[in-house]
């Protein structure tokens with residue numbers, strides 16, 4: 001028996017890899033869970049607003065995103081612990097015709113990590129794998145202090161632009177580096 005097979009051996013650290021088409025259900029479930037703990041449990045967003053985007057809709061949406069990963073315009077990476085997806089980062093090149101006011105050519109569309117893996121360095125590893133140190137922007141919920149502190153450590157600052165996210169009845173702020 002090798003040390004890694006010993007029942008008392010420490011579990012292997014989660015790994016970061018490119019997302020694959022078959023990851024859609026796992027990403028959707030992780031995304032759902034993270035929205036529950038980050039937004040619903042904290043009282044930041046009403047449960048009915050979060051759950052209006054059903055798990056089935058999320059799976060379909062992720063299937064579509066992952067089916068279109070055929071070039072450098074979009075990258076989705078996942079953090080995998082055993083056979084479970086515990087986080088993801090999603091970055092996309094901006095279409096200037098669709099978003100002429102975009103402050104950068106790259107948008108971080110999302111970075112989510114299950115609570116048990118926050119503060120472990122996995123969020124940083126996901127960010128590094130998705131966008132590295134390239135100039136980019138993202139939208140964050142106004143008042144979301146933990147995420148904003150993480151992004152600030154990575155050079156993102158508010159540029160003064162705010163927008164409502166009507167589906168959740170919240171305000172968002174744009175962060176740019």
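No lab work stands behind these numbers, since they all come straight from the coordinates. The structure displayed is predicted, hence computed values, not measured ones. Because the Cβ atoms are built from the backbone with ideal geometry, glycine has one as well, and the counts that use them run over all protein chains shown.
Tabulated results
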{"quantity": "Candidates 150, 88, 137, ranked by Gaussian network fluctuation over the chain, Cα under 10 Å, top entry", "calculated": "150"}
{"quantity": "Net lengthening on full extension, residue 101/residue 120 (0.36 nm per residue, minus Cα-Cα)", "calculated": "3.4 nm"}
{"quantity": "Gain upon complete extension [residue 73, residue 167; 0.36 nm per residue less C-alpha separation]", "calculated": "31.2 nm"}
{"quantity": "Relative contact order, percent, the chain [alpha-carbon distance under 8 Å, six or more residues apart]", "calculated": "20 percent"}
{"quantity": "Full-stretch length increase - residue 157, residue 56 - with 0.36 nm per residue and alpha-carbon distance subtracted", "calculated": "32.9 nm"}
{"quantity": "Fraction of beta bridges assigned by DSSP in the chain that are antiparallel (%, nearest 5)", "calculated": "95 percent"}
{"quantity": "Cβ-derived FRET efficiency at R0 22 Å, residue 47 paired with residue 84, nearest 0.05", "calculated": "0.40"}
{"quantity": "Principal-axis tilt of helix 55-67 within the chain, Cα atoms, nearest 10 degrees", "calculated": "90 degrees"}
{"quantity": "Residue 93-residue 21 FRET efficiency (beta carbon distance; Förster radius 25 Å; 0.05 resolution)", "calculated": "0.80"}
{"quantity": "Cβ-based exposure ranking for 40, 45, 78, in which fewest neighbours within 10 Å come first", "calculated": "40, 45, 78"}
{"quantity": "In degrees, nearest ten, helix 122-131 long axis to first principal axis of the chain (Cα)", "calculated": "60 degrees"}
{"quantity": "Choice from 21, 129, 116 showing the highest fluctuation, given a GNM over the chain with Cα pairs closer than 10 Å", "calculated": "116"}
{"quantity": "0 to 90° range, to nearest 10: angle between helix 24-35 axis and the chain longest Cα axis", "calculated": "70 degrees"}
